[in-house]
Amino acid sequence: MNRNYLEIIKKRRKELDINKSEMSEKLGVSVSMYGKYEDGESKLDVEKFIDICEILQLDWSNFEGTSNKKEEIMNDIIKVLEKFKNL
């Protein structure tokens with residue numbers, strides 16, 4: 001994931017006075033895993049990225065990037081939703 005996204009996420013988390021432990025609990029991951037997401041050491045999947053954006057009250061569609069990247073994210077979201085629909 002682009003480092004700019006990660007900096008925005010980290011900055012917003014701090015603005016809302018949410019620590020990594022609280023974020024990890026809300027996401028259902030370990031503190032170390034969340035730290036790896038935020039530090040760019042582990043790749044965020046689309047679901048976790050959107051969850052983080054919701055927790056931090058960020059509009060993921062406004063993140064900078066090419067329209068192709070936004071289209072890729074939308075396609076990934078559609079795939080995930082289709083999986084849930086078929087359960």
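Exceeding 23 Å between C-alpha atoms, which entries from my cross-link table qualify? They are 48/85; 48/79; 11/36; 11/79; 48/83. Intermediate values should be presented prior to the final figure.
Working: 48/85 19 Å; 48/79 14 Å; 11/36 16 Å; 11/79 30 Å; 48/83 16 Å.
Check vs 23 Å cut-off fails for 11/79.
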Added length on full extension, which subtracts the Cα-Cα distance from 0.36 nm per residue, residue 74 to residue 26: 15.0 nm
Full-stretch length increase - residue 47, residue 7 - with 0.36 nm per residue and alpha-carbon distance subtracted: 12.5 nm
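Every number here is computed from the coordinates shown, using simple stated rules; none is lab data. Note that the structure is a prediction, hence the values are computed from the model and not measured.
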